[in-house]
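Presented below is the structure to which this report refers.
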Amino acid sequence: MKIKNILIAVLAVVFATGCNGQNKNNAETRHDTSLNEQTSNTGNMKKSIVIFFSHAGDNYSVGIIDTGNTKIVADYISEITGADQFEIVTHKYDGMAYMPLIELAKKEAAAGELPPYEGTAPNLSGYDTVFIGGPVWWGTYPQVMFTLFKDINLDGKTVIPFTTHEGSGLANCVGDVKKAFPKANVQKGFSIYGHEVRTGKAKLEKWLKSL
Ligand SMILES: Cc1cc2nc3c(=O)[nH]c(=O)nc-3n(C[C@H](O)[C@H](O)[C@H](O)COP(=O)(O)O)c2cc1C
């Protein structure tokens, strides 16, 4: 189980180093907008949006997937709450096998690289609640998410982080979101195993009801 050994090595390094080396470089400014103008949610939350990154293709535990694990969670959130969406898109990792991707992501995290994303940053002025979700990569969110973080202002907004992962839970993601948005009201966060998302809708519904 070579892949399993690699992931264990990844997690070991993450726990040993507390790996969160992002935001050392200046952001480049190519951005994407895939804002999905769905109806806004009802219930306790006001107008909300899910900002997420998700990598389709070769992945740990689930094999080659057409839809990334985090995207499935983001879609559930929108389905259940009516939240709009903004997907952070980069083509940098398209078609990459899992092992080279692990290595590339490791270098990016160590260097604090900020890979560009497609399109432009979303206008968040109409939103009170911002879900932020992504896979855990080397103990935090993928670096491209930090590129977007540099381009948005979440002052005064309720921010709800979530992750999909294969053992690290929320890892450093909530702390790193708090660092990126010190004037936001960052909530506790939610995590789910990537290999569980396709059968985990009940778990997500329970979490969303608890907000
Ligand atoms: C480059 C890379 C690094 C990863 N690092 C971790 C990690 O540090 N901890 C962990 O639990 N899972 C790690 N994983 C597993 C992913 O977090 C997990 O498979 C996630 O559900 C993928 O979500 P996605 O399909 O939305 O991209 C890593 C996966 C990749 C591709």
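Things worth noting here:
- When Rg and the Kirkwood Rh are both derived from Cα coordinates, the Rg/Rh ratio for the range 67-123 amounts to 1.04.
- Based on the Stokes-Einstein relation at 10 °C and a viscosity of 1.306 mPa s, and on the Kirkwood radius from alpha carbon pairs, the range 104-143 is assigned a translational diffusion coefficient of 129 µm²/s.
- Cβ-to-Cβ counts within 10 Å put 64, 160 in ascending order as 64, 160, the fewest first.
- Under 24 Å between alpha carbons - lysine pairs in the range 155-211 that sit 8 or more apart or on different chains: 14
- Remark: 207, 137 ranked as 207, 137, counting other beta-carbon atoms within 10 Å and listing the fewest first.
- Exposure proxy ranking for 209, 71, based on other Cβ atoms within 10 angstrom of each Cβ and starting from the fewest, stands as 209, 71.
- Protection proxy ranking, peptides 83-90, 56-63, average beta carbon neighbours within 10 Å, highest first: 83-90, 56-63
- Cα gyration tensor category, rounded, prolate or oblate, for the range 100-198 with a/c compared to 1.5: oblate
Every read-out reported here was derived from the displayed coordinates using simple, explicitly stated rules and does not represent laboratory data. For clarity, every value in this text was computed on a predicted model and none was experimentally measured. Please note: Cβ atoms are built from the backbone with ideal geometry, for glycine as well, and neighbour counts cover all protein chains shown.
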